[in-house]
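Some notes on the structure that comes next.
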Amino acid sequence: MTETRPRLACLIGWPAAHSRSPLIHRYWLRTLGIEGGYVIEAVPPDDFRDFVLRLSPRGFVGANVTRPHKERALALSKPDARAKAVGAANTLWFKDGELCSTNTDVEGFVGNLDASAPGWDKAEEALVLGAGGASRAVLFGLLDRGIKRVHLVNRTRERAEALAKQFGDKIHVAAREQVTELLPRAGLLVNTTSLGMHGQPALDVDVGKLPANAVVADLVYVPLETPLLKAARARDLKTADGLGMLLHQAVRGFELWFGKRPQVTGELRALVEADLTTT
Ligand code: ATR
């Protein structure tokens, strides 16, 4: 039977937060000429299970999931290795009628680096700052791409220790005081903390100590150019910014729901940048 209904996906969150996902997915639907839609669904925690289990009868081919539902989404679906490693699912889709999940932050992080700093994975050692949810996606991506040694630094050391235990002996937990001596060895520096975000203090890291061929990635995207990225660019280091990761993480969901792999274009980036600066 050929499907005649336009395909519909949604973002499930609570409360309904302002999100750029509708802008991104509708841009791709429009430019690829696909009949479909992407809407925001505000679903309180008590209703989440029912909503997800009845996703298909409600007319959805899949969904993005955001706070506070990402862990529940993982438990209610068949997660892939990425979602399992991150401990949270942000994308749901159906495969042969079964509800599957993944975490597209991994692909967003890696895809953005591939696009912004090709060859980044030649780095022998990486230095990752922060050990929250986003850091898990980053660690999975780095190990998946063959980075041999990852130094992990976090304000709360125990959280870093827990991630090292989960991800294995390529992760080396270091103290905040060791950052200065680790910088000259780091071919890749990644900020997964909220430092540098609008309203937060800047990250206190001297990019001048990084090797000349180092790549600097920041997951923060408000502001678009964080003090860390600004300092890295002033030194002519290659950079990958948080907005790029946000755009690249949307690629996989779109492909799973609508059947075509979309491109992160300059036009899309400009559209989302304009939205970020006006809201
Ligand atoms: P996310 O899902 O975005 O990773 P998170 O799980 O809340 O969010 O993690 C936030 C990260 O930023 C953590 O590594 C946190 O450090 P702690 O584990 O010590 O809380 C880090 N972070 C937030 N504010 C910070 C600050 N003022 N100084 C240093 N690190 C900070």
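The lysine pair count for the range 135-238, using Cα distances under 18 Å and pairs eight or more places apart or on different chains, is 5. Rounded to the nearest 20, the size of the Cβ-charge dipole of the chain about its Cα centre is 260 debye, with Lys and Arg at +1 and Asp and Glu at -1. Among 130-136, 194-200, sorting by the average number of other beta carbon atoms lying within 10 angstrom of each residue, highest first, gives 130-136, 194-200.
Got the relative contact order for the range 138-241 handy, in percent, Cα pairs under 8 Å and 6 or more residues apart?
Rounded, it is 20 percent for the range 138-241.
At most 14 other Cβ atoms within 10 Å and a DSSP loop assignment: could you name the GluC sites (Glu not before Pro) in the range 39-145 that fit? Intermediate values should be presented prior to the final figure.
Numbers: sites: GLU41, GLU71, GLU98, GLU107, GLU124, GLU125; in loops: GLU124.
Answer in residue order: GLU124.
What the pair-distance distribution of the chain shows, using all Cα-Cα distances binned every 10 Å from zero, is 7, 28, 34, 22, 8, 1, 0 percent.
Can you work out D for the range 84-137 in µm² s⁻¹ from Stokes-Einstein, where Rh is the Kirkwood radius over C-alpha pairs, the temperature is 4 °C and the viscosity is 1.567 mPa s?
Values: Rh = 13.1 Å.
D = 99 µm²/s.
With +1 on each Lys and Arg Cβ and -1 on each Asp and Glu Cβ, and nothing else charged, work out how big the dipole of the range 1-111 is about its Cα centre, in Debye to the nearest 20. Working shown, then result.
Details: 15 positive and 12 negative charges, 29 e Å.
It works out to roughly 140 debye.
In the range 1-86, a dipole from Cβ-located charges (positive for Lys and Arg, negative for Asp and Glu) runs towards its positive end, and of PRO44, TYR27, ILE12 it is TYR27 whose Cα lies farthest in that direction. Before anything else, pin down the relative contact order of the range 1-150: Cα pairs under 8 Å, at least 6 apart, normalised by residue count, whole percent. Reported as a whole number, the value is 18 percent. In the range 113-181, the alpha-carbon atoms span a convex hull of 90 Å³ per residue.
Using only Cα coordinates, the Kirkwood hydrodynamic radius of the range 136-266 works out to 16.0 Å.
Magnitude of the Cβ-charge dipole of the range 98-170, K/R +1 and D/E -1, about the Cα centre, nearest 20 debye? Please report the intermediate quantities before stating the final value.
Values: 10 positive and 11 negative charges, 70 e Å.
Result for the range 98-170 is approximately 340 debye, rounded to the nearest 20.
For LYS78 and ALA212, the difference between the fully extended length at 0.36 nm per residue and the C-alpha to C-alpha distance is 43.9 nm. For the chain, the residue among LEU74, GLY242, LEU189 whose Cα projects farthest onto the positive side of the dipole built from Cβ charges is LEU74. Reported value for the range 56-100: 68 Å³ per residue, from the convex hull of its C-alpha atoms. The modelled label-to-label distance between GLU124 and ASP47, using points 7 Å beyond Cα along the C-beta direction, is 5.6 nm.
None of the figures in this text is laboratory data; all of them are computed from the coordinates on show. In this text, all values refer to a predicted model and were calculated from it rather than measured experimentally. Every residue, glycine among them, receives a Cβ derived from its backbone with ideal geometry; neighbour counts consider all protein chains shown.
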